[in-house]
Amino acid sequence: EAQVTQNPRYLITVTGKKLTVTCSQNMNHEYMSWYRQDPGLGLRQIYYSMNVEVTDKGDVPEGYKVSRKEKRNFPLILESPSPNQTSLYFCASRDRLNEQFFGPGTRLTVL
Amino acid sequence: AQKITQTQPGMFVQEKEAVTLDCTYDTSDQSYGLFWYKQPSSGEMIFLIYQGSYDEQNATEGRYSLNFQKARKSANLVISASQLGDSAMYFCAMREGRAQKLVFGQGTRLTINP
């Protein structure tokens, strides 16, 4: 089954404790992105990747890092999480056509 | 300026009725794509329908159709014969040209009443 998976689905952590949210897709897509969703602000892009070893900033990259060492994986790293990074995070991937597949979301709470 | 505007924060519709969710967009690109996603209370984003700016026909996918009016820059989603399971947030989104991101509207919360 074609899908984007994210782990963990839920995470409660404390300020400053490094964390990684994994994202994996099985569709051989070149393009992958991370979004965060906040009430009243909709979904905003954090980072994107056009292929292996090619990443770039989206609209809200501060406080986040990403890497793309393999085509299928695109982890999101929070080196020192803060409470304003409490949000619902989505990983997404697409091929050269237009349908964008979203992962199931990761609900992160930073205390 | 907002790139995607959804003017209906919430809508209540009787089951089996058709419903139209409004979306207007703003772009100066000639090439762009318009998307609709459904987000149920469980949180996942479900792709519903896509319309390319050069597509002459309105897109349709089952009970979903996109009423694309290019001159008015509107891309309304029409759901025919609504069902209780259609209750969810609905987001309109756009990708411009070669941009690598989707820009989302604020969403419309649709509630289908039995």
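The values are calculated or read from the model by the stated rules, or taken from the named source; none is laboratory data. Small disclaimer: the values here were computed from a predicted structure and weren't measured. Positions of Cβ are generated from backbone atoms using ideal geometry, with glycine treated the same way; all protein chains shown enter the neighbour counts.
See the values below:
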{"read-out": "Search result, residues across the range B:53-75 that are surrounded by 12 or more Cβ atoms within 10 Å (Cβ to Cβ), free of Cβ contacts under 8 Å to residues at least 12 places away in the same chain and part of a loop (DSSP other than H, G, I, E, B)", "value": "B:58, B:59"}
{"read-out": "Subset of the range A:9-25 [surrounded by 13 or more Cβ atoms within 10 Å (Cβ to Cβ) and either under 20 Å from residue A:82 (Cα atoms) or touching an Asp or Glu at 6+ places or on another chain (Cβ under 8 Å) (or both)]", "value": "A:9, A:11, A:13, A:19, A:20, A:21, A:22"}
{"read-out": "Flag if residue A:72 is under 19 Å from residue B:106 (Cα atoms) and in contact (Cβ under 8 Å) with a residue 40 or more places away in the chain", "value": "no"}
{"read-out": "Options B:33, B:85: the member that is assigned to a strand (DSSP E or B) and small (Gly, Ala, Ser)", "value": "B:33"}
{"read-out": "Selection from the range A:53-62 of residues that are surrounded by 12 or more Cβ atoms within 10 Å (Cβ to Cβ), out of contact with any Ser or Thr (no Cβ under 9 Å at 6 or more places or on another chain), more than 10 Å from chain B (Cβ to nearest Cβ) and not basic (Lys, Arg)", "value": "A:60, A:61"}
{"read-out": "Wholly within the range A:9-111, strands (runs of 3 or more DSSP E) carrying at least 2 residues that are at pLDDT 95 or above", "value": "A:10-13, A:19-25, A:31-38, A:42-51, A:76-78, A:87-94, A:106-110"}
{"read-out": "Any hit, the range A:27-41, residues being surrounded by 18 or more Cβ atoms within 10 Å (Cβ to Cβ) and polar (S, T, N, Q)", "value": "yes"}
{"read-out": "Pick from the range B:32-51, criterion of a type in the set (Gly, Ala, Ser) and loosely packed, with under 14 Cβ neighbours inside 10 Å, ranking: farthest from the other protein chains (Cβ to nearest Cβ)", "value": "B:41"}
{"read-out": "Close pairs (8 angstrom Cβ cut-off, 6 or more residues apart or separate chains): free of Cβ contacts under 8 Å to residues at least 40 places away in the same chain and over 15 Å from residue A:36 (Cα atoms) in the range B:97-114, hydrophobic (A, V, I, L, M, F, W, C) and part of a strand (DSSP E or B) anywhere", "value": "B:100/A:50"}
{"read-out": "Output for the range A:74-111, where each listed residue is facing chain B (nearest Cβ under 10 Å) and under 12 Å from the mean Cα position of the chain (by Cα)", "value": "A:88, A:90, A:92, A:102, A:103, A:104, A:105, A:106, A:107"}
{"read-out": "The range B:76-104, subset in contact with a Ser or Thr (Cβ under 6 Å, 6 or more places away or on another chain) and more than 22 Å from residue B:14 (Cα to Cα), residue surrounded by the fewest Cβ atoms within 10 Å (Cβ to Cβ)", "value": "B:97"}
{"read-out": "Residue selected from the range A:26-52 under the condition away from chain B (no Cβ under 14 Å) and polar (S, T, N, Q), by the criterion nearest to residue B:98 (Cα to Cα)", "value": "A:28"}
{"read-out": "Single unsatisfied condition, residue A:71 versus (1) of a type in the set (Lys, Arg); (2) within 20 Å of residue A:24 (Cβ to Cβ); (3) within 11 Å of chain B (Cβ to nearest Cβ)", "value": "(3)"}
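Listed here are the residues, each with its yes/no results for (1) surrounded by fewer than 21 Cβ atoms within 10 Å (Cβ to Cβ); (2) touching a Ser or Thr at 6+ places or on another chain (Cβ under 8 Å); (3) within 17 Å of residue A:32 (Cβ to Cβ).
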position: A:66; (1), (2), (3): no, yes, yes
position: A:71; (1), (2), (3): yes, no, yes
position: A:76; (1), (2), (3): no, yes, yes
position: A:82; (1), (2), (3): yes, yes, no
position: A:86; (1), (2), (3): yes, yes, no
position: A:89; (1), (2), (3): no, yes, yes
position: A:101; (1), (2), (3): yes, yes, yes
position: A:104; (1), (2), (3): yes, yes, yes
position: A:108; (1), (2), (3): no, yes, no
